[in-house]
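Working notes, structure below.
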Amino acid sequence: MQTPSRRGFLATAASFAAMAGAGRVLGSSPAAGMTEPADLERRAFGATGMDVTVLGFGGAEIGYERTDLAVVERLLNSALDAGLNVIDTAECYVDSEEAIGKTVSHRRKDYWLFTKVGHMEPEGWTPGSIERSIERSLTRLRTDHVDLVLLHSCGKDVLEKGECIDALEASRKAGKTRFIGYSGDSHAARFAVESGRFDALQTSVNFVDQESIEKTIPLARQKRMGVIAKRPIANAVWRHESEPTNNYVVEYWRRMKKLGYDFTSGEPAKDPGPDGAAGVALRFTLSVPGVHVAIVGTSNPDRWKMNARMLREGGALPSERFDAIREQWKKMAPPEWVGQI
């Protein structure tokens, strides 16, 4: 997979906005005051010492949609009140970091805070750019440190140079982040995991994007890395009756049509329950061994509660259904179906 240019990456992000409406343990724990959630399972996030809820809040939509601050405040505080304890954002998600800082920075001990770097400046992978990006993120998030900083989908060629990883390690040593990670897919993600220099991996994994289930997640699990699933419900691609014009989702739509899963069409596609398309998709992703948290973005204060309810009512995806989804992929997916940024 080619290294995404900054312009190309941000164009992809803009496309996402258009469709969005629908390993070390540290001694101290900044989230020690968290209360046990009634509804959300928690999993140990690799060797970091963080216990993360299986649902995390993704901050892209509130940034790209420029969601009203009052809505963000209600959305995030209600989620935290109910026990969700992961907030994931990035410096390139427009004003997402700033909105998070304004609305929940006073509750910093209630959640683990993840952000990403690499697209603030044209030369985003230089040590200086990464350092400036992290400093800006801390200011916008109104905190003196984050729990995890991830490189945001740089290519394998950039990772091989090592300077960007050095910069993250320097920030960790300086106390600006507790852990460091890589967000990306395919060969670059594999290199990041093999390097042994990262505490966490964020990668695409869902029923139409399964490369990581074989290529990267097993090794990450072996190395006791925390694993974050991005695009865990495949951007709800089943909502499109015809091929979408949006570049961010069209590849998933084409894959879905070829794979022909029974839960992505007809009545299941409309079913909001645990056995409908969204429920099966989310439960599938969270059933992948080694996945700890699925990041789901929304600007709707009630949507994340619906996702939590689906998990509570549906429980773990039955092994026979999980295996059937995997077997269909193995049978139908061509080699070029690599992980999608």
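The values are calculated or read from the model by the stated rules, or taken from the named source; none is laboratory data. Computed from a prediction, not measured in an experiment: that's the story for all the values here. All Cβ positions, glycine included, derive from the backbone under ideal geometry; neighbour counts span all protein chains shown.
Tell me, which residue of the range 257-280 that is among the hydroxyl-bearing types (Ser, Thr, Tyr) and in a loop (DSSP other than H, G, I, E, B) is modelled with the highest pLDDT?
Across the range 257-280, the extreme among qualifying residues is 261.
Six or more apart or on different chains, Cβ under 7 Å: which pairs go from a residue in the range 42-58 that's closer than 20 Å to residue 316 by Cβ to one that's surrounded by fewer than 17 Cβ atoms within 10 Å (Cβ to Cβ) and hydrophobic (A, V, I, L, M, F, W, C)? Could you list them?
Short answer, once both residue conditions are applied: 51/44.
Since residue 326 meets every condition but one in (1) over 30 Å from residue 80 (Cβ atoms); (2) part of a loop (DSSP other than H, G, I, E, B), which condition does it not meet?
The failed condition is (2).
Looking only at the range 202-228, filter to residues that are assigned to a strand (DSSP E or B) and β-branched (Val, Ile, Thr); which one of those is surrounded by the fewest Cβ atoms within 10 Å (Cβ to Cβ)?
First pass over the range 202-228, keeping only residues assigned to a strand (DSSP E or B): 202-204, 206, 209, 226-228.
Filter again for β-branched (Val, Ile, Thr), leaving 203, 227-228.
Values: 203: 31, 227: 25, 228: 27.
Among residues in the range 202-228 that are assigned to a strand (DSSP E or B) and β-branched (Val, Ile, Thr), the one surrounded by the fewest Cβ atoms within 10 Å (Cβ to Cβ) is 227.
Against the definition (within 30 Å of residue 322 (Cα to Cα), among the acidic types (Asp, Glu) and crowded, with 19+ Cβ neighbours inside 10 Å), how does residue 199 come out, yes or no?
Yes: the conditions hold for residue 199.
Output the number of the condition that residue 137 fails; it satisfies all remaining conditions of (1) crowded, with 23+ Cβ neighbours inside 10 Å; (2) over 24 Å from residue 196 (Cβ atoms); (3) at pLDDT 95 or above; (4) touching a Lys or Arg at 6+ places or on another chain (Cβ under 7 Å).
With respect to (1) crowded, with 23+ Cβ neighbours inside 10 Å; (2) over 24 Å from residue 196 (Cβ atoms); (3) at pLDDT 95 or above; (4) touching a Lys or Arg at 6+ places or on another chain (Cβ under 7 Å), residue 137 is out only on (4).
Where the second residue is β-branched (Val, Ile, Thr) and modelled with pLDDT of 90 or more and the first is farther than 21 Å from residue 88 by Cα and part of a helix (DSSP H, G or I) and lies in the range 289-317, which pairs have Cβ atoms under 9 Å and are six or more apart or on separate chains?
Going by the 9 Å Cβ cut-off, the qualifying pairs are 314/280.
For residue 144, are the conditions met, namely being among the acidic types (Asp, Glu) and within 28 Å of residue 77 (Cα to Cα)?
yes
So, of the residues in the range 229-245 that are assigned to a loop (DSSP other than H, G, I, E, B) and under 20 Å from the mean Cα position of the chain (by Cα), which turns out to be surrounded by the most Cβ atoms within 10 Å (Cβ to Cβ)?
That would be 232.
Taking the options 149, 94, 104, name whichever one is assigned to a helix (DSSP H, G or I) and either surrounded by fewer than 24 Cβ atoms within 10 Å (Cβ to Cβ) or in contact with a Gly (Cβ under 9 Å, 6 or more places away or on another chain) (or both).
Testing whether each residue is assigned to a helix (DSSP H, G or I) and either surrounded by fewer than 24 Cβ atoms within 10 Å (Cβ to Cβ) or in contact with a Gly (Cβ under 9 Å, 6 or more places away or on another chain) (or both) leaves just 104.
Counting just the residues of the range 262-279 that are touching a Gly at 6+ places or on another chain (Cβ under 8 Å) and surrounded by 21 or more Cβ atoms within 10 Å (Cβ to Cβ), which one comes out farthest from residue 240 (Cα to Cα)?
Restricting to residues being touching a Gly at 6+ places or on another chain (Cβ under 8 Å) and surrounded by 21 or more Cβ atoms within 10 Å (Cβ to Cβ), the top hit is 279.
(1) outside any loop (DSSP other than H, G, I, E, B); (2) at pLDDT below 50: which one isn't true of residue 70, the others all being true?
Of everything listed in (1) outside any loop (DSSP other than H, G, I, E, B); (2) at pLDDT below 50, residue 70 misses just condition (2).
From 254, 283, grab the single residue that is touching a helix residue (DSSP H, G or I) at 6+ places or on another chain (Cβ under 7 Å), assigned to a helix (DSSP H, G or I) and charged (D, E, K, R). Step through it out loud before you land on a result.
Working: 254 fails: touching a helix residue (DSSP H, G or I) at 6+ places or on another chain (Cβ under 7 Å).
Among 254, 283, only 283 is touching a helix residue (DSSP H, G or I) at 6+ places or on another chain (Cβ under 7 Å), assigned to a helix (DSSP H, G or I) and charged (D, E, K, R).
Which one is modelled with the lowest pLDDT among residues in the range 291-303 that are more than 23 Å from residue 201 (Cα to Cα) and under 17 Å from the mean Cα position of the chain (by Cα)?
For the range 291-303, the residue satisfying everything is 303.
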